[in-house]
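Working notes, beginning with the structure itself.
The values are calculated or read from the model by the stated rules, or taken from the named source; none is laboratory data. In this text, all values refer to a predicted model and were calculated from it rather than measured experimentally. Neighbour counts run over all protein chains shown; Cβ positions are idealised from the backbone, glycine included.
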Amino acid sequence: MTTSTTDESVDRWVPADRRFAGMDPKTLLPAGIVLASAAVMHWGIPWVDSLVSYEETVPAGQTMTLGTGVQFTPPAGWGISQGVLTDALPAGGSYPDTAAVFTGSTSISVTADDFSGTPEQLLEQIRDIDRGDSAMAIRGAASSLTTASGIPGVISEFQDVGADGAIAAFTVDGVGIEVVVRTPADTPTTRADLIGAALSSIQVVEVPA
């Protein structure tokens, strides 16, 4: 056993004059692949993301609808990552519980479900769930807001790894609406205005049976 282990060690050992920067050249390729992969994930994907023309984007003035009848108007030209446009529901299909849109590294996600409490209670419930995410830190007290259709809600800002954001909670007619916005800290005012307009557009409509 001792001889076998020694021979194996000798086979794997590389003389100093055949090393580069103290490393076995055989290990440089795997290490390089790992570093290259990390670089692509960090810089390459966001760059490619900015160049891609997404197949499904939001036409100007179009809305997205959830199964509970919650409807909102996303910013025109943003990509759709979840959900469907109101007019694009397949025959015999049903609207999902969540819809999400994005542009670059900014995203808006809207989820709705049955809820009988107040906006403050819904926000606290959302916060309790998010406290399990150690990367997310809620900042400051919640502020009140109301949509253009009169749905009351509250909103609270948070800070996440590499991004800022906000969580809004609305309640109306036994339905709770959760909105999560994630965006870089240096988000331009024009994009912030688009996000505000999307929040303000939230309403409840009758979904055809």
Taking the range 145-161 and keeping only residues that are surrounded by fewer than 18 Cβ atoms within 10 Å (Cβ to Cβ), touching a residue at least 12 places away in the same chain (Cβ under 8 Å) and not in a loop (DSSP other than H, G, I, E, B), one is left with L145, P152, E157, Q159, D160
Test: residue in the range 181-202 that is part of a strand (DSSP E or B), at pLDDT 90 or above and touching a Phe, Trp or Tyr at 6+ places or on another chain (Cβ under 8 Å): no
Worksheet item: Has the range 111-119 got at least one residue that is over 27 Å from P75 (Cα atoms), polar (S, T, N, Q), out of contact with any Leu (no Cβ under 7 Å at 6 or more places or on another chain) and not in a loop (DSSP other than H, G, I, E, B)?
Response: no
- Task: Inspect the range 118-132 for any residue being surrounded by fewer than 20 Cβ atoms within 10 Å (Cβ to Cβ), in contact with a Ser or Thr (Cβ under 7 Å, 6 or more places away or on another chain), at pLDDT 95 or above and not hydroxyl-bearing (S, T, Y) and give the result as yes or no.
- Result: no
